[in-house]
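S.K.: I'd like to ask you about the structure that follows.
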Amino acid sequence: MTVAAVAFDLDYTLAVPTRSRSTLLSEATAAVGAPPLSREDYLDAHADNLTRRTRAPIFERLLDGREADVEAATLAAAYRERVNDALEPVPGVESMLADLRERYRLGLLTNGPVVAQRSKLRELGWEDAFDVALVTGDLRSGKPDAAAFEALLDALGAKPEETAFVGDDADADVAGASDAGLRAIQVRFPDGPDPDPKAAAQVDRERMAAELPAILETL
Ligand SMILES: [Mg+2]
């Protein structure tokens with residue numbers, strides 16, 4: 001069966017921050033007088049808060065028990081501002097998305113709180129770049145849960161076996177999509193995850209705009 005729909009992860013797949021997230025987190029905590037927080041602790045808290053409206057519950061957990069004279073919501077806003085300012089599209093992906101949309105139903109499924117992820121799309125000017133753009137903060141569960149991919153397929157009006165999902169995260173994107181019956185395409189970059197056997201294809205992020213359209217035709 002040929003591919004009828006193509007959907008993407010957002011962070012580190014279509015858009016990448018110009019500075020590391022650890023640096024942005026350090027800058028945000030320093031700016032609002034919060035104690036230093038580790039990126040690892042942040043990622044753990046984020047993973048447990050994929051269906052939230054904002055990042056405030058993530059920071060509430062990270063600040064819990066710490067000496068901090070700052071509201072979680074204030075820190076969340078400071079971090080959001082820095083993340084959004086640093087976010088840049090992967091070269092060539094905007095015209096790639098426009099071209100793909102002429103041939104396929106085009107979707108996005110991104111893990112994270114609603115306000116954080118929608119503000120990234122707004123900052124990138126991508127609010128209308130997809131036929132369907134789902135943020136797990138609006139859903140009952142996040143990737144890799146099959147329910148998140150089922151919500152995507154429902155919204156796209158596509159069957160899993162005719163849908164390709166393009167993402168960088170081995171667990172959330174590659175395993176999640178392939179376990180839900182979609183064709184996973186793993187986006188690779190230097191120092192990123194190893195090639196994953198569950199992926200139907202691999203693509204280097206810096207060559208994605210040029211190479212993905214042809215890869216989709218081979219699936
Ligand atoms: Mg990602």
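The values are calculated or read from the model by the stated rules, or taken from the named source; none is laboratory data. Keep in mind that this is a model prediction, so the values were computed, not measured. So basically every Cβ, Gly included, is an ideal-geometry build from the backbone, and we count neighbours across all protein chains shown. Quick note on the areas: whole protein, heavy atoms, side chains included, nothing else; ligands and nucleic acids left out. Shrake-Rupley method; radii C 1.70, N 1.55, O 1.52, S 1.80 Å.
S.K.: Kindly indicate which of LEU37, LEU75, LEU10 is under 20 Å from ASP138 (Cα atoms) and aliphatic (A, V, I, L, M).
M.R.: Only one candidate qualifies: LEU10.
S.K.: All but one of (1) away from the ligand (no atom under 16 Å from the Cβ); (2) over 21 Å from VAL187 (Cβ atoms) hold for TYR42; state the number of the condition that does not hold.
M.R.: So the condition that TYR42 fails would be (1).
S.K.: Could I ask something else about it? In segment 177-196, what count of residues is obtained for those that are more than 22 Å from ALA148 (Cα to Cα) and either without any contact (Cβ under 8 Å) to a residue 24 or more places away in the chain or more than 13 Å from the ligand (Cβ to nearest atom) (or both)?
M.R.: Selection size over segment 177-196: 5.
S.K.: If the requirement is being free of Cβ contacts under 8 Å to residues at least 40 places away in the same chain and within 15 Å of the ligand (Cβ to nearest atom), which of these qualifies: VAL174, VAL166?
M.R.: Selected residue: VAL174, the only one of VAL174, VAL166 that is free of Cβ contacts under 8 Å to residues at least 40 places away in the same chain and within 15 Å of the ligand (Cβ to nearest atom).
Rundown of residues vs (1) away from the ligand (no atom under 16 Å from the Cβ); (2) closer than 23 Å to ALA199 by Cα; (3) open to solvent by 60 Å² or more (accessible area, probe 1.4 Å); (4) in a loop (DSSP other than H, G, I, E, B), yes/no style:
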{"site": "ASP69", "(1), (2), (3), (4)": "yes, no, yes, yes"}
{"site": "GLU88", "(1), (2), (3), (4)": "no, no, yes, no"}
{"site": "SER95", "(1), (2), (3), (4)": "yes, no, yes, no"}
{"site": "GLY107", "(1), (2), (3), (4)": "no, yes, no, no"}
{"site": "GLY142", "(1), (2), (3), (4)": "no, yes, no, yes"}
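S.K.: Which one is surrounded by the fewest Cβ atoms within 10 Å (Cβ to Cβ) among residues in segment 109-125 that are free of Cβ contacts under 8 Å to residues at least 60 places away in the same chain and of a type in the set (D, E, K, R)?
M.R.: In this case the residue turns out to be ARG122.
S.K.: Checking the condition under 20 Å from ALA98 (Cα atoms), among the charged types (D, E, K, R) and open to solvent by 20 Å² or more (accessible area, probe 1.4 Å), which residue from ASP194, ASP128, ASP154, ASP171 passes?
M.R.: ASP128
S.K.: Which condition from (1) more than 18 Å from LEU10 (Cα to Cα); (2) among the acidic types (Asp, Glu); (3) open to solvent by less than 60 Å² (accessible area, probe 1.4 Å) is the one that ASP204 breaks?
M.R.: Only one criterion in (1) more than 18 Å from LEU10 (Cα to Cα); (2) among the acidic types (Asp, Glu); (3) open to solvent by less than 60 Å² (accessible area, probe 1.4 Å) is unmet by ASP204, namely (1).
S.K.: Search segment 7-34 for residues being open to solvent by 20 Å² or more (accessible area, probe 1.4 Å) and assigned to a loop (DSSP other than H, G, I, E, B), and hand back the single one that is farthest from the ligand (Cβ to nearest atom).
M.R.: Among residues in segment 7-34 that are open to solvent by 20 Å² or more (accessible area, probe 1.4 Å) and assigned to a loop (DSSP other than H, G, I, E, B), the one farthest from the ligand (Cβ to nearest atom) is GLY33.
S.K.: Here is a follow-up. Working only within segment 143-164, note down all residues that are in contact with a Gly (Cβ under 8 Å, 6 or more places away or on another chain) and closer than 24 Å to ASP48 by Cα.
M.R.: LYS143, PRO144, ASP145, ALA146, ALA148, PHE149, LEU152
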